[in-house]
Amino acid sequence: MHCSGSFSHLHTGSLEVCGRKHNICMVSDFFYPNMGGVESHIYQLSQCLIEKGHKVVIVTHAYGRRKGVRYLTNGLKVYYLPLQVMYNQSTATTCFHSLPLLRCVFTRERITVVHAHSSFSAMAHDALFHAKTMGLNTVFTDHSLFGFADVSSVLTNKLLTVSLCDTNHIVCVSYTSKENTVLRAALNPEIVSVIPNAVDPTDFTPDPSQRQEDRITIVVISRLVYRKGIDLLGGIIPELCLKHPDLHFLIGGEGPKRLVLEEVREKYQLHDRVRLLGALEHKDVRGVLVQGHIFLNTSLTEAFCMAIVEGASCGLQVYDRVAGEEVLPLDRRLRRLRAHCGPVAGSIFAFVAVLDFLFLLLLQWLVPDQVMDVAVDATGPHGLWRQETSSKKETHSKSATSS
Amino acid sequence: MEDEAFTDINGKAISLDCQSHSSFCREFTVSSSKVSIGKVMVYTCSVWLLSYAVFFFTENTAVLSSAIVITLVGMMLHIHFVKVDHESLLVIGSLGIQVSSNYASGRETTTFIEMSKIKDIVINEAIYMHQIIYYLCVLLKDPSEPNAVSSVVPLFQSSKPRLNCLVKVYKSCQEILSKC
């Protein structure tokens, strides 16, 4: 990751956003330095959109000492907002406490489209809710599959129904995921698109000579967390090893559930047959993959296996379609909430929507929009950032922008 | 040189005064708004109403006397430690930067940063309370490590001017810094 410091040199006062197609704000709890499929998807998608000439900013919560505003490659701006993390890197959802900061971001960056990622992220749902209150267009990308039976799924699905019933467009990463999302959130399938993740075939070429022919190797590459089904993996390893004496496991990845695998390995004396590689660099993944015969993925919620794909999708068509849609006024929004989400949940969330609207009015009275400075546009190959950096270096060889 | 109207991040009017002593020595003074009499009245009244309410139930006159003391001491502490009347930044090329802030009571604090420690002056973004704001800051370097930023000194911390004011100060500062 090319992370430069967040110091900006300003020369010109021209702050107008001109010639841009959209100002997009990606919101998710999950972003670098946290590692995973969603994170790299957001990063790659943002880079693609910047190349298309849009302006993109990313909003996530603070990770440890990483707070404030940072810049990544091509002037991609990342806001690490100091919101309280509750569970599994997901922020607490109270519907309201994130509004002041999110409103500030949306206003100062002149956001036109809010793109939320991952249904596990409470911040994404909050942002969708607030964006609708502020009258912005919204897109949601779902990265996970859910069940319908257990309590947590029922609750998450209800939340999803409420937050997606307002959303202009939804993107899923596979057709299974689309079916799942449409059922869970009771959506009109027409507003759900599928943009599957793509593999760069030049990066992942087969190489059978790397395999060892006297044994069968199963490769598992995933983060070792509960959601990825590591307990399940720990359960099947001894059984499979008992049945097939020539079976070997190669497990790449790091996480809290590593202990489970280590215990299993200890208990059944499988040290020579189960190898734990620990955290893998992105470039080393192919080297591990070609050593195996079978790729095993035990994930409980995976919609599209990102372990072997380079997520580089381009959502341009989606955004164009979104731009034409109208944003509902409050009363019609409330009616739709109540009609769509059932009498009880619908009424509750309609009430919450009204409160959110009143809170927004209060904030607009306390800190009017015109008091907020418009953020300097640094994004993209033609953005202020690169020009200013180079001209700065020409005039006097001093640069605070290079990392 | 007070030609433009500047405001701080809360929308209150502030004034920027640029004085050019010579080609390599400039002074910028940001004066914030004075304490409004309305605000003093609101705070005094609320303390007094509260103390009268307590007095009504307890019938202890010590409550009233303590309300007087609290109001007076609070006002004194406020103008002596909190309320900054104006902040100034004196940039002297090849010598250094002097940052001073004058409190409403007349107290003045001054710090001087020598040029060998200064890496640059930049405008940065920060999350402040429930807002995201721009601020001007001096980047310090360790003389032993000239390429790394060792720490950051924010300028105009109490007046918090908005971006247009900061850009103006920034440009003048860079003119001087680029000469030496």
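Values in this text are rule-based calculations from the coordinates and carry no lab data. Here the structure is a predicted model, which means the values were calculated and not measured. Note that we place each Cβ from the backbone using ideal geometry, even for glycine, and neighbour counts take in every protein chain shown.
Going highest first, how would you order A:26-39, A:214-227 by mean Cβ packing within 10 Å? Please list the in-between numbers first.
Working: A:26-39: 22.3, A:214-227: 18.7.
The most tightly packed comes first, giving A:26-39, A:214-227.
Rounded, prolate or oblate for segment B:37-81? Axes are the square roots of the Cα gyration tensor eigenvalues, ordered a ≥ b ≥ c, and the cut-off for rounded is a/c under 1.5.
Details: a/c = 4.26, a/b = 1.78, b/c = 2.40.
Oblate is the answer for segment B:37-81, as a/c is 1.5 or above yet b/c matches or exceeds a/b.
Extending each Cα 7 Å along its Cβ direction at residue A:190 and residue A:51, get the distance between those two points in nm, one decimal.
3.3
I need A:144, B:144, A:119, B:65 ordered by Cβ neighbour count within 10 Å, fewest first. All intermediate terms of the calculation are to be shown ahead of the outcome.
Details: A:144 22, B:144 7, A:119 26, B:65 11.
Ordered from fewest to most neighbouring Cβ atoms within 10 Å, A:144, B:144, A:119, B:65 come out as B:144, B:65, A:144, A:119.
Which of B:118, B:158, B:101 sits closest to the plus end of the dipole of segment B:40-180, meaning its Cα is farthest towards the positive end, when Lys and Arg get +1 and Asp and Glu get -1 on the C-beta?
B:118
With the Cα gyration tensor of chain B giving a ≥ b ≥ c as the square roots of its eigenvalues, does the rule (a/c under 1.5 for rounded; else a/b larger than b/c for prolate; else oblate) give rounded, prolate or oblate?
Details: a/c = 2.70, a/b = 2.35, b/c = 1.15.
Taking the square roots of the gyration eigenvalues as a ≥ b ≥ c, chain B is prolate.
Based on other C-beta atoms within 10 Å, arrange A:246, B:8 from fewest to most. Please report the intermediate quantities before stating the final value.
Numbers: A:246 11, B:8 20.
By the 10 Å Cβ count, ascending: A:246, B:8.
Got the relative contact order for segment B:75-175 handy, in percent, Cα pairs under 8 Å and 6 or more residues apart?
On the way: 169 pairs, mean separation 20.3, N = 101.
It comes to 20 percent, rounded to a whole number.
Using a Gaussian network model of chain B whose springs link C-alpha atoms within less than 10 Å, name the residue from B:32, B:105, B:23 with the highest mean-square fluctuation.
B:23
Which value in deg cm²/dmol, rounded to the nearest 500, describes the helix-derived mean residue ellipticity at 222 nm for chain B, given -39,500 (n - 2.57) per DSSP H run of n ≥ 4 and division by the residue count? Working shown, then result.
Working: 3 runs with 55 residues, N = 180.
Value at 222 nm, helices only, nearest 500: -10500 deg cm²/dmol.
Counting Lys and Arg as +1 and Asp and Glu as -1, each charge on the Cβ, what is the dipole of segment B:64-180 about the Cα centre in debye, to the nearest 20? Write out the running numbers ahead of the final one.
Details: 10 positive and 9 negative charges, 45 e Å.
Once rounded to the nearest 20, the dipole reads 220 debye.
Evaluate E = 1/(1 + (r/R0)^6) for residue B:25 and residue B:80, where r is the Cβ-Cβ distance and R0 equals 25 Å; express this FRET efficiency to the nearest 0.05. Walk me through the intermediate numbers first.
Details: r = 31 Å, r/R0 = 1.23.
That gives a FRET efficiency of 0.25.
Summarise the partner chain shielding of B:131-141 as one whole number: the mean count of Cβ atoms from other chains within 10 Å of each residue's Cβ.
Details: counts 9, 13, 4, 6, 0, 0, 1, 0, 3, 0, 0.
Taking the mean over all residues of the peptide, I get 3.
Defining a contact as two alpha carbons under 8 Å apart and six or more residues distant in sequence, what relative contact order in percent does chain B show? Don't skip to the answer; put the middle values down first.
Working: 293 pairs, mean separation 36.2, N = 180.
Computed value for chain B: 20 percent relative contact order.
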